[in-house]
Amino acid sequence: MSTYFPSGKGLADNRKWYVVDAAGQTVGRLATEVASILNGKRNPQWTPFMDMGDHVIVINASQAVFKGSKIEQKIYRRHTLYPGGLREVTVKEQFEKHPERVIESAVKGMLPKTKLGKAMAKKLKVYRDANHRHAAQKPEPLEITSGQIHG
């Protein structure tokens, strides 16, 4: 009995494109599902050291929601590498200005912190509203409802 083992050839040609509507979705639950699609965990031929995932387009990012008190209490921190350079931005401020960045950072935080994770993150496209530039790829709609994918 032999085990099927995928080669790295033709992976980019067989990738699918999915559109996920973030309107009314919880950011964290949306991010876990999107991260597993980017990772390729939904693919039966998934291999840990290969990028087996598909492309994901997230639309209506400005209509995603946070549960509980995260909108007030969650803080993004970064450092400028200068003395006293700690910068803090609350989710509320970031979400009002750039809702795409909030969803991107949530998804990227769930991907591996390696070269492979960076390649997976490049397949994520997030847009503030329903307009996107990827109609030529003929993306399939993908519904995410309460942690379950339908599509």
Return the residue satisfying two criteria in turn: it lies in region 80-125 and is in a loop (DSSP other than H, G, I, E, B) and of a type in the set (S, T, N, Q), and of such residues it is nearest to Val19 (Cα to Cα). Thr114
Cβ contacts < 9 Å: first residue assigned to a loop (DSSP other than H, G, I, E, B), restricted to region 9-28; second residue hydroxyl-bearing (Ser, Thr, Tyr), any location; separation 6+ or different chain. Result? Ala22/Ser62; Ala23/Ser62; Gln25/Thr145
Identify, from the list Lys118, Lys125, the residue that is over 15 Å from Leu142 (Cα atoms) and under 14 Å from the mean Cα position of the chain (by Cα). Lys118
Within region 56-75, is there a residue that is within 19 Å of Leu116 (Cβ to Cβ) and either in contact with a strand residue (DSSP E or B) (Cβ under 7 Å, 6 or more places away or on another chain) or outside any loop (DSSP other than H, G, I, E, B) (or both)? yes
Counted residues, region 43-68 - those being closer than 24 Å to Val126 by Cα and over 19 Å from the mean Cα position of the chain (by Cα): 1
Among residues belonging to region 56-79 that are of a type outside the set (A, V, I, L, M) and over 24 Å from Asp21 (Cβ atoms), point out the one that is surrounded by the most Cβ atoms within 10 Å (Cβ to Cβ). Tyr76
State all residues of region 87-109 that are in contact (Cβ under 8 Å) with a residue 60 or more places away in the chain and out of contact with any Gly (no Cβ under 9 Å at 6 or more places or on another chain); if no residue qualifies, say none. Val102, Ile103, Val107, Gly109
Restricting attention to region 131-148, and to residues there that are touching an Asp or Glu at 6+ places or on another chain (Cβ under 8 Å) and farther than 18 Å from Arg15 by Cα, which single residue is modelled with the highest pLDDT? Glu143
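The values are calculated or read from the model by the stated rules, or taken from the named source; none is laboratory data. None of these values were measured; they are calculated from a predicted model. Every residue, glycine among them, receives a Cβ derived from its backbone with ideal geometry; neighbour counts consider all protein chains shown.
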